[in-house]
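One structure is given below, encoded as structure tokens.
The values are calculated or read from the model by the stated rules, or taken from the named source; none is laboratory data. The structure presented is a predicted model; accordingly, all values stated were derived computationally and were not measured. With ideal geometry, Cβ positions are generated from the backbone for all residues, glycine too; neighbour counts draw on all protein chains shown. Heads up: the accessible areas ignore ligands, DNA and RNA and are worked out on the full protein's heavy atoms, side chains in. Shrake-Rupley method; radii C 1.70, N 1.55, O 1.52, S 1.80 Å.
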Amino acid sequence: MDTKPFASRLSENAVTVTRVADRQWHALEDDLVVGRGHALHRPDGRLFVSIDAWQDVAFDRLAGVMVAELPAPLYTVVDEADAELTAGWRRAGFTVRRREWEYAVPTDPRVTGLAEVLPPSGVTIVPAGQADEGLLREVDRAIRDEVEATAGWWQSMPAEVMPRTGGDTLVDPTKYAVAAEPDRYLGLIRVVTAIRPRIGLVAVRAGEQRRGVARALLTHALTTAHRSGFPTAWTEVHESNHAATALFEGVGARPVSSNLELVR
């Protein structure tokens with residue numbers, strides 16, 4: 001059975017593109033929608049585009065109109081395994097800017113080797129939901145400023161970020177566990193559990209790195225997930241983040257997929 005009903009009759013001349021709302025377009029053939037395009041500003045100000053089309057003709061026509069009407073640079077994110085979608089964006093002049101790996105992370109201490117890991121001397125782990133919000137925001141801002149001054153926060157963090165309002169940098173203060181000294185926090189880890197635990201962020205102040213703080217935070221998060229009945233957690237790591245890669249692969253995490261961020 002033919003699973004692509006438009007394949008035999010779509011042609012470049014038959015497809016027209018119409019803007020249907022602010023930064024939204026439809027590709028039409030005989031008044032039938034055969035593709036949709038959308039553009040969205042991320043919190044860092046970059047403009048990301050997406051296209052859902054059933055045929056190359058519709059995709060290419062949408063991409064051409066969007067590229068012509070939107071200001072450069074434009075960005076998009078694709079599953080690297082989706083060769084057809086990646087090829088479509090390449091035809092539109094997009095090139096690979098970076099790669100991000102998704103890891104499956106075991107939680108069982110017998111697998112991770114974290115059963116005997118303790119925080120550094122003088123450091124305690126404060127579980128999620130128990131952190132002082134003021135100190136949490138202070139360490140979050142300090143770490144972001146440190147990263148921004150070097151690699152750049154938005155350049156080194158995962159591409160799929162949640163929009164936030166009012167300049168707030170915390171997704172949900174109750175989702176963060178922290179590594180604490182008596183008067184300040186040294187690092188944090190954010191885990192959000194829906195169907196499965198997702199480790200969205202592990203970060204430590206620059207002056208406190210290489211002391212085992214991140215490893216202690218990861219130990220706490222994975223142990224908590226294991227006790228809650230989850231055999232696996234998930235995370236995304238920018239391929240250039242060698243420290244994070246070493247941290248997760250060191251506990252037996254394995255890459256299961258990758259995303260590409262493309263730019264034009």
Portion, in percent, of the accessible area of the chain that falls on carbon or sulfur, probe 1.4 Å: 51 percent
From phi via Karplus (6.51, -1.76, 1.60), per-residue ³J(HN,Hα) for the range 31-42 in Hz, x at Gly/Pro: 6, 9, 6, 10, x, 9, x, 8, 10, 8, 7, 7
Taking the convex hull of Cα positions in the range 26-102, its mean projected area over all directions (nm²): 5.7 nm²
Solvent-accessible area of Asp22 with every protein chain in place, 1.4 Å probe, in Å² to the nearest 10: 110 Å²
About the Cα centre, charge dipole magnitude for the chain (Lys/Arg +1, Asp/Glu -1 at Cβ), debye: 400 debye
For q = 0.13, 0.19, 0.27 Å⁻¹, Debye-computed log10 I/I(0) when each Cα of the range 62-113 counts as one equal scatterer: -0.48, -0.72, -1.13
Projected area, mean over directions - the chain, Cα convex hull, nm²: 17.0 nm²
Antiparallel bridges, percent of DSSP beta bridges restricted to the chain (to nearest 5): 95 percent
Tilt relative to the chain, helix 133-148 - C-alpha long axis, 0 to 90 degrees, to 10: 60 degrees
Prolate/oblate/rounded call for the range 176-264, Cα gyration tensor, a/c under 1.5 rounded: oblate
Calculated log₁₀ intensity ratio I(q)/I(0) where the Debye formula runs over C-alpha points of the range 1-146, q = 0.19 Å⁻¹: -1.16
Angle between the chain longest axis and helix 56-69 axis [Cα atoms, degrees, rounded to 10]: 80 degrees
Accessible area expressed per residue, the chain, with surrounding protein chains retained (probe 1.4 Å, Å²): 52 Å²
